[in-house]
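See below for the structure under consideration.
The values are calculated or read from the model by the stated rules, or taken from the named source; none is laboratory data. What you see is a predicted model, and the numbers here were worked out from it, not measured in a lab. Neighbour counts are summed over all protein chains in view; Cβ atoms, including those assigned to glycine, are modelled from backbone coordinates with ideal geometry. Please note that ligands, DNA and RNA were not included when accessible areas were found on the heavy atoms of the full protein model with its side chains. Shrake-Rupley method; radii C 1.70, N 1.55, O 1.52, S 1.80 Å.
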Amino acid sequence: MKLEWLSVVRLRLRALWHRRRLERDLEEELRFHLAMRAERYQQAGMDTGAASQDARRDFGNFTAWKERCREMWTFYWLETLRQDLRYAARSLRKSPGFTVVAALTLALGIGSTTGIFSVVNAVILRPLPYPEPGRLVELWGNVKRASVERRGTSLPDYADWRDQSHSFEAMSWLEDAQFTLAGGDEPERVAGEYVAHPYFGMLGVRAALGRTFRPEEDEAPQRDRVVVLSDGLWKRRFGGDPGILGRAVQIDGQSFTVLGVMPPWFRGITDAAQLWEPVHMEGTAEDFANRGSVGPAVLGRLKAGVSLAQAQSEMDGICRRIEEAWPATNKGRGVELSPLDRELVGPDVRLSLAVLLVAVGFVLLIACTNVANLLLARSEARQREIAVRMALGAGRGRMLQQLTTESLLLAFVGAGTGILMARGGAGALMAASPITFPSFVRPGVDPAVLLFAVLITCLVGLALGIAPAVHVRSGNLGERFKQAASHAADSRGGSRFRSLLVVAEVALAMLLLVGAGLLMRSLQQLTGIHPGYDPDHVLVLSVSLPRATDDARTVVSARDILRRVAAAPSVEGASIGSDVPLTGESAIFYTAEGQPPVTAQNIPRAYIHAVSPGFFRTLRIRFVAGRTFAENETQDSNVAVVSENVVKRFWPGQDPVGKRIRRGRPDSKSPWMTIMGVVNEMKYRGLPNNPTADPDIFVPISERSRAFALLVRTPLDPASLTPSVRKILHDADRTTVVSNVATMQELMARETARSRFTGWLMAIFAGAALLLAAIGIYGVMAYSVSRRTQEIGIRVALGADRRDVLKLVVGRGMGLMGIGLGIAVAAAAGLTRLIGSLLYGVGPTDVWSFAAAGVGLALVALVACLMPAARACGIAPSVALRNE
């Protein structure tokens, strides 16, 4: 039975390739049977003509027999599809203008949707480039304060997690860092990672050359100094020399032995690492025993079959046991497990991409409604053809199949151009995006994206087939011919359907305009933020000075650098700091003198910054009380400048100058620091808001500091000062490393880059939607005027003036727009709440954004209605009636 079925399929497929021969054979066979029947009638005594006529009558419809036979030796549905495609192609060729406009409109919608989806696919849907990436998670230590905050974990807690858990195959400490690599023409500042031994094995990554760390190389502080290099660093700094293995390299003034080189694609979890050191190289023995300190997240791989919820439950129990054993440091501390892929692409980026995908989907829907209107108008012009075909026996289903095939062919023609647009557009989008994506994110038209494009195209084609289907209906054939012959008559179904499409276009365009308006208003609020310091005309550089060596040569100091730069031409002021706004943070617990006892949940926390006395003047930070440090007040002077929130918490309404604070918990042995001044609160750690409301504490920077940030204020363009400042630093000592050169305005722009990019893309999509909506409204109104020429002519003949005609045409168009606006406003009030986290200083129901979108769309619609209305006013009654 199975072989018989396969034989039938084979013969029917063969028939597709030998159709002409089979047609000839079929024709000859049927004529043979007809001739034999006629011959029998002649033998029975009938003359030739009568015998032939009776034979044809008894044999039946010759063409119908041919159709029945064809159905038996081929796939009927495939045959009809081929016929429909050929007919559809001829039909589209006959209307090149319609075909080009419709195909380009669909190409815009399908291409932009596919392009954005290719980015979403590469960023969110495609798995990470590691074996079984779904089992990789990050473990974040958190603490319950005013809210639950992510705070990383300490090395002792990490060790307890690793040793007590049974849900993980392995865990690894992971922390990003900056290293100074000596050798070559000049030292270089490179990014890297401190990692624990199972790091590379847990990710399933092997060294391309040499090996990675062994367990004994990561056991205790100050053991062997070993390092693993990235492929890029190996080739750039060492010329790809395979003899690098076992060679010593100078990192941060110490000698490290190179163990291996990683594959070209691997840049670590941070996606920026150029070298890796064992975690024990990071700190001292005290750091490894201090549970009060907090570090980064921990990387873990779940065991096969263990769910994230099961692992979270186990880790919660471990944290409770640690809290009971070490209440002084671990009270209120827990752990949060999060899939690694979600951490590499944060929730804000995911939300931004989702919003853009929805927005471009709206553009596609508007493009489809425009093409549907074109198809509807075209089908009305083809009513005579449709009526004739149905009169000849074509059923309603057969006509719907033909019209749907035409829509699908048109959709695929547009999709072909759209996919080419998406292929180039996705790359351009990634290049223009200020959002930093992992290096393995490479959007393109891969099989998943191609399948998405095909599915979207099929849905578009099927949806477009609904438009001409309103004219494929049953009824009196004579009436259909009369309607097909009358240019004045506008089918009731077609008119209602076109009106529905216009309402949908207006509603979708309004939703996009409101979304774009909210994001642009938010962007306006972001650009108007005053961060609490003056970022204009300030240049920032990261500086790493050489350390003293065995030859006892003179080493330049931070004070020397500051003095030389401050004396340079065009420099208004210079200062140094352990960090600068928006570039880093270091949190500490602190204690205020004479304050009541605290708990782990309400112990004061602040971000500490070591700065030179001129730091506040360089950034023009306002003093609320007191003063900055004096030149002779160094790190050993135990003085501090605090931000306003310290005073508001401990000494409201009092003079804070002379009050004392110290680092650590109440039982800390750290020396007391006297408050010398109070500065205003600042957006020091992030825009538009700091991650937490904790205050900032500034202390004098040590002259022994070898790595710091240099800030230079100039009346000129700060970027133009970069070469001269670099020269000063290299003249002071040629081994000085300069990196991360930027202006403060650039640092601020990076913080708002995602908001700006999302806002401008939404504005582009909204503009496209507005244009398509205007075209759609104009097309519907122009077509309506052309179909109502006789009616308008009669109205004018009966005394209607220009104003009445304008009111008739414009009133209908604006009425449809009003319905669309009403639907959109109701929908937008709920949908805009989904983008609330992307907004700043603007609510999701901002009245100005809704009003601006509504007025703008109304004006565009009015212009689109006035153009055909003006043409309607010029219709002469005699001409209108003569044409009918």
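Details
- Enumeration of residues in segment 479-514 that are modelled with pLDDT of 80 or more and of a type in the set (D, E): E505
- Listed by position, the helices (runs of 4 or more DSSP H) inside segment 724-841 whose residues that are under 30 Å from L710 (Cβ atoms) number at least 3 are 744-751, 753-787.
- Check on L512, assigned to a helix (DSSP H, G or I), open to solvent by less than 10 Å² (accessible area, probe 1.4 Å) and aliphatic (A, V, I, L, M): yes
- Filter result for the condition that a residue is among the small types (G, A, S) and out of contact with any strand residue (DSSP E or B) (no Cβ under 7 Å at 6 or more places or on another chain), over A610, A630, A606: A630
- Residue match in segment 163-183 (condition: in a loop (DSSP other than H, G, I, E, B) and of a type in the set (D, E, K, R)): no
- Consider segment 661-674 and keep the residues that are within 21 Å of F616 (Cβ to Cβ) and over 46 Å from the mean Cα position of the chain (by Cα). The one that is most open to solvent (accessible area, probe 1.4 Å) is T674.
- Which listed residue, of L821, L771, L859, is crowded, with 19+ Cβ neighbours inside 10 Å and either closer than 30 Å to Y533 by Cβ or modelled with pLDDT of 80 or more (or both): L821
- Residue in segment 550-572 that is under 30 Å from A328 (Cβ atoms) and either part of a loop (DSSP other than H, G, I, E, B) or of a type outside the set (S, T, N, Q) (or both) present: no
- Test: residue in segment 138-155 that is at pLDDT 90 or above, on the phi < 0 side of the Ramachandran plot and either open to solvent by 10 Å² or more (accessible area, probe 1.4 Å) or outside the structural domain of A509 (by TED's automatic domain parsing) (or both): yes
- Selected residue [open to solvent by less than 30 Å² (accessible area, probe 1.4 Å) and at pLDDT 85 or above] from V306, V355, V345: V355
- Annotation note: Cβ proximity below 6 Å between a residue of segment 522-547 that is in contact (Cβ under 8 Å) with a residue 60 or more places away in the chain and a residue that is open to solvent by 40 Å² or more (accessible area, probe 1.4 Å) and among the polar types (S, T, N, Q) (sequence gap 6+ or interchain) occurs for P535/Q745; S542/N740.
- When segment 577-591 is filtered for residues that are more than 29 Å from the chain's Cα centre (by Cα) and of a type in the set (S, T, N, Q), the ones remaining, listed by number, are S578, S586, T591.
- Selection of segment 666-688 for residues being over 20 Å from V647 (Cβ atoms) and in contact (Cβ under 8 Å) with a residue 12 or more places away in the chain yields S668, P671, G686, L687, P688.
- Filter result (assigned to a loop (DSSP other than H, G, I, E, B) and either of a type in the set (G, A, S) or at pLDDT 95 or above (or both)) within segment 691-708: A693, S702, S705
- For Q745, the conditions (1) touching a residue at least 24 places away in the same chain (Cβ under 8 Å); (2) buried (at least 18 other Cβ atoms within 10 Å of the Cβ); (3) farther than 30 Å from L357 by Cβ all hold with the exception of (2).
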